[in-house]
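Report on one structure; see the data block that follows.
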Amino acid sequence: MRSSEKWGVDVDTAVDLALKELKADRDDVEIEVLEESSNGFLGIGSKLARVRVTVKEEAEPQTKEKATFDDIDAILAGLPENSAQQLPDEVRADYDKFEAEEREDARAREKAHEGEKKRRNKKKYSLSIEDTMLYEVKKLDPAENHPLEGFLRDIAENMGIDLDFSVKAGEELVFAEITGKDTGTIIGKRGSTLDAVQCLASYVVNKDSDKYIRVILDAENYRAKREKTLVNLANRLASKVERTGRSVTLEPMNPYERKVIHCTLQSHPTVKTRSEGKDPYRKVIIEMK
């Protein structure tokens, strides 16, 4: 005698599943309710119905059909939301299998996303060689007794500091390398003194010139070190903006230092830069594109 035991959210659902498996009609079977269904309280402690359906002796035997995943879906679709169900082993085995596969796929996607994010964050943006302040200095020729050298010696003498100067000059650029035991004094805090003296030196060099000549003063390779510091700062703050989604405003900088920040991040895929305010208080802002 053929029979089938099935679970369902209620007796009718369980009976329908058993009839489907036995390929029989209700008139051809005997139905025995083994467990009644219960909704519990607020979905907590809910139970499935369990029935045994037996084909009557006079009914013609039919080929048994294996339960399909539609059966599982029918059961799971009726479960109360957020309730902890104890599903039968025959249902739970297949359900757990596919649930595990979904979790594995989700972990793989998340791992790939995190890997891509880390690779993007690790990428460091930098200045092109042409954008560095000292790029053109290598092309200059030494200039003996240049007016800039005399001006700088007067500055050092009046400040009472021991310095020496080496000047190179071209048609559009004059560069002075400052050496000596008091270079720290001429550099000043974050290069403020060096920038001030450079500004005065520019006035002296351009006073009687028909065209503008750029002037660069450097001491202890400060300009290159400062560029590197600004490039690292730009990358660090860009990562912060990318991570938080909030813009960052830097402290006031001179035009060249602002240029370093802009040039460093000009090819960044997710952040952009802009300047705001008037000199000497003009600032760079890094924000999301």
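The values are calculated or read from the model by the stated rules, or taken from the named source; none is laboratory data. Worth saying up front: this structure is predicted, and the values here are computed from it rather than measured. So basically every Cβ, Gly included, is an ideal-geometry build from the backbone, and we count neighbours across all protein chains shown.
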Answer yes if at least one residue in segment 104-126 is under 24 Å from Glu21 (Cβ atoms), outside the structural domain of Ala238 (by TED's automatic domain parsing) and at pLDDT below 80, and no otherwise. no
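If only one of Glu276, Glu287 is farther than 23 Å from Val215 by Cβ, exposed (fewer than 13 other Cβ atoms within 10 Å of the Cβ) and free of Cβ contacts under 8 Å to residues at least 60 places away in the same chain, which one is it?
One residue alone meets the criteria, Glu276.
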Looking only at residues that are under 43 Å from the mean Cα position of the chain (by Cα) and among the β-branched types (Val, Ile, Thr) in segment 147-201, which one is farthest from Val137 (Cα to Cα)? Thr185
Of the residues Ser275, Ser239, which single one is under 29 Å from the mean Cα position of the chain (by Cα), outside any helix (DSSP H, G or I), farther than 25 Å from Lys138 by Cα and of a type outside the set (A, V, I, L, M)? Ser275
Any chance segment 251-259 includes a residue that's touching a strand residue (DSSP E or B) at 6+ places or on another chain (Cβ under 6 Å) and among the hydroxyl-bearing types (Ser, Thr, Tyr)? no
Of all residues in segment 212-236 being more than 25 Å from the chain's Cα centre (by Cα) and hydrophobic (A, V, I, L, M, F, W, C), the one that is surrounded by the fewest Cβ atoms within 10 Å (Cβ to Cβ): Ala224
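How many residues are farther than 29 Å from Thr273 by Cα and not in a loop (DSSP other than H, G, I, E, B) if we restrict to segment 122-140?
Looking only at that region, the number is 2.
Val260: within 30 Å of Asp162 (Cβ to Cβ) and out of contact with any Phe, Trp or Tyr (no Cβ under 8 Å at 6 or more places or on another chain), yes or no? Spell out the reasoning first.
Values: within 30 Å of Asp162 (Cβ to Cβ): no; out of contact with any Phe, Trp or Tyr (no Cβ under 8 Å at 6 or more places or on another chain): yes.
No, not satisfied.
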Sole residue being over 23 Å from Glu144 (Cα atoms), free of Cβ contacts under 8 Å to residues at least 60 places away in the same chain and touching a Phe, Trp or Tyr at 6+ places or on another chain (Cβ under 8 Å), chosen from Gly191, Gly184: Gly191
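Within segment 242-264, track down each residue that is under 15 Å from the mean Cα position of the chain (by Cα) and either under 30 Å from Arg214 (Cβ atoms) or not in a helix (DSSP H, G or I) (or both). Working first, answer last.
As a first pass, look at segment 242-264 and keep what is under 15 Å from the mean Cα position of the chain (by Cα): 242-247.
Passing the criteria: Gly245, Arg246, Ser247.
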